[in-house]
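*Asks:* Dropping a structure here in structure tokens format, bear with me for questions.
The values are calculated or read from the model by the stated rules, or taken from the named source; none is laboratory data. Bear in mind the structure is a predicted one, so any value in this text is a computation, not a measurement. With ideal geometry, Cβ positions are generated from the backbone for all residues, glycine too; neighbour counts draw on all protein chains shown.
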Amino acid sequence: MAEKISVITGAGSGIGRACALGLIADGWTVVLAGRRSAPLAETARLAGANSDRAVPITADVTDPDSVTRLFAAVRERFGRLDLLFNNAADTMPYIPTEEVAVADWHRVMDSIATGSFLCAQAAFRLMKEQSPRGGRIINNGAPSAQVPRPDSIAFTAAKHAVAGLTRSLSLDGRRYDIACGQIDVGNVTPVGREQPAVRQADGSTRVEPTMDVRHVVDMVVTMANLPVGVNVQSVLVLPSAMPYVGRG
């Protein structure tokens, strides 16, 4: 197809912005979704000469009506969707389980688990009906989808939910040519600030190794460009020296 259409949530900063710019540079048209218009506009500006293929649309992934409007706009403007990258997420500080506020639990779970479900559901409906049929959904997981950090129960539970969502979408999408995979991203070098010290399983804290976000972008672009008959079900990208194997 001459034009490849994608939606990236949380496209106003971090991994979402980097992957949006990577896909745009690769020839994709990217709908930039996020709650704040200014960061989305900045992502589009950073696309430079390719900014005509960056389409900012404000949306809150935790709000079903907002998600419906987002994908209705995609359908109306482009008539199809080839890729959804579920990336949006709220986080919270590391805090002992017994001190986690219910409001923080819901905020993290809603942004990661519920938000990924709502967007995947809307994308699924569009991909199932369009011609040619099918498409791809990539969910942004985390090493915590497999191995938790101390004092991170809400984030860990939300990312485990994403892993289940990925598997269910992968299974249910087979008969509609919808592929779904997951990328679990390790420590990415922060932009404009120092890497904070992180609590370890033995109770100590230390600054962990990081990697450049371009390695994540390269993997997402590779997954995005696979034919829908081929899938990367799950991939973990992390600095080789980052505590993961045996960290728990």
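*Asks:* How many residues are in a helix (DSSP H, G or I), in contact with a strand residue (DSSP E or B) (Cβ under 9 Å, 6 or more places away or on another chain), hydroxyl-bearing (Ser, Thr, Tyr) and more than 14 Å from Ile138 (Cβ to Cβ) when one looks only at segment 149-171?
*Replies:* We begin by selecting, within segment 149-171, every residue in a helix (DSSP H, G or I); these are 153-171.
Those still in the list that are in contact with a strand residue (DSSP E or B) (Cβ under 9 Å, 6 or more places away or on another chain) too: 159, 162-163, 165-171.
Filter once more, keeping what is hydroxyl-bearing (Ser, Thr, Tyr): 166, 168, 170.
Of the ones still in play, those that are also more than 14 Å from Ile138 (Cβ to Cβ) are 168.
Residues flagged as in a helix (DSSP H, G or I), in contact with a strand residue (DSSP E or B) (Cβ under 9 Å, 6 or more places away or on another chain), hydroxyl-bearing (Ser, Thr, Tyr) and more than 14 Å from Ile138 (Cβ to Cβ) within segment 149-171 amount to 1.
*Asks:* I'd like the full set of residues that are aliphatic (A, V, I, L, M) and in contact with a Cys (Cβ under 9 Å, 6 or more places away or on another chain), limited to segment 168-185.
*Replies:* Passing the criteria: Leu169, Leu171.
*Asks:* In addition: Residues in segment 92-102: is at least one touching a helix residue (DSSP H, G or I) at 6+ places or on another chain (Cβ under 6 Å), modelled with pLDDT under 95 and not basic (Lys, Arg)?
*Replies:* yes
*Asks:* Still on this model: Look through segment 11-44, keep the residues that are small (Gly, Ala, Ser), within 20 Å of Thr222 (Cβ to Cβ) and under 12 Å from the mean Cα position of the chain (by Cα), and return whichever of them is surrounded by the most Cβ atoms within 10 Å (Cβ to Cβ). Spell out how you get there, then give the answer.
*Replies:* Filtering segment 11-44 for residues small (Gly, Ala, Ser) gives 11-14, 16, 18, 20, 22, 25, 27, 33-34, 37-38, 41, 44.
Okay, now just the ones that are also within 20 Å of Thr222 (Cβ to Cβ), so 11, 14, 16, 18, 20, 22, 25, 27.
From what is left, the residues that are under 12 Å from the mean Cα position of the chain (by Cα) are 11, 14, 16, 18, 20.
On the way: Ala11: 31, Gly14: 18, Gly16: 25, Ala18: 22, Ala20: 33.
Only one residue fits best here, namely Ala20.
*Asks:* So, of the residues in segment 101-117 that are closer than 16 Å to Ala142 by Cα and touching an Asp or Glu at 6+ places or on another chain (Cβ under 6 Å), which turns out to be surrounded by the most Cβ atoms within 10 Å (Cβ to Cβ)?
*Replies:* Residue satisfying both the conditions and the ranking: Val108.
*Asks:* Looking only at segment 54-67, decide whether some residue is free of Cβ contacts under 8 Å to residues at least 40 places away in the same chain and more than 23 Å from Ala120 (Cβ to Cβ).
*Replies:* No, segment 54-67 contains no residue that is free of Cβ contacts under 8 Å to residues at least 40 places away in the same chain and more than 23 Å from Ala120 (Cβ to Cβ).
*Asks:* Here's a follow-up. Does segment 126-145 contain at least one residue that is in a helix (DSSP H, G or I), over 28 Å from Gly79 (Cβ atoms) and free of Cβ contacts under 8 Å to residues at least 40 places away in the same chain? Spell out how you get there, then give the answer.
*Replies:* Residues of segment 126-145 that are in a helix (DSSP H, G or I), as a first pass: 126-129, 143-145.
Next cut, over 28 Å from Gly79 (Cβ atoms) only: 143-145.
Of the ones still in play, those that are also free of Cβ contacts under 8 Å to residues at least 40 places away in the same chain are 144-145.
Yes: segment 126-145 contains one or more residues that are in a helix (DSSP H, G or I), over 28 Å from Gly79 (Cβ atoms) and free of Cβ contacts under 8 Å to residues at least 40 places away in the same chain.
*Asks:* Now a separate question. Against the condition touching a Leu at 6+ places or on another chain (Cβ under 7 Å) and either assigned to a helix (DSSP H, G or I) or of a type in the set (A, V, I, L, M, F, W, C) (or both), how does Ala20 come out, does it pass? Even if it seems obvious, please write down each step before you answer.
*Replies:* Working: touching a Leu at 6+ places or on another chain (Cβ under 7 Å): yes; either assigned to a helix (DSSP H, G or I) or of a type in the set (A, V, I, L, M, F, W, C) (or both): yes.
So Ala20 fits the description; yes.
*Asks:* Can you find a residue in segment 170-187 that is at pLDDT below 95, surrounded by 14 or more Cβ atoms within 10 Å (Cβ to Cβ) and under 16 Å from the mean Cα position of the chain (by Cα)?
*Replies:* Within segment 170-187, the first condition is being at pLDDT below 95, and the residues that meet it are 186-187.
Then drop every residue that is not surrounded by 14 or more Cβ atoms within 10 Å (Cβ to Cβ), which leaves 186-187.
Adding the requirement that they be under 16 Å from the mean Cα position of the chain (by Cα) leaves 186-187.
Within segment 170-187, one or more residues are at pLDDT below 95, surrounded by 14 or more Cβ atoms within 10 Å (Cβ to Cβ) and under 16 Å from the mean Cα position of the chain (by Cα).
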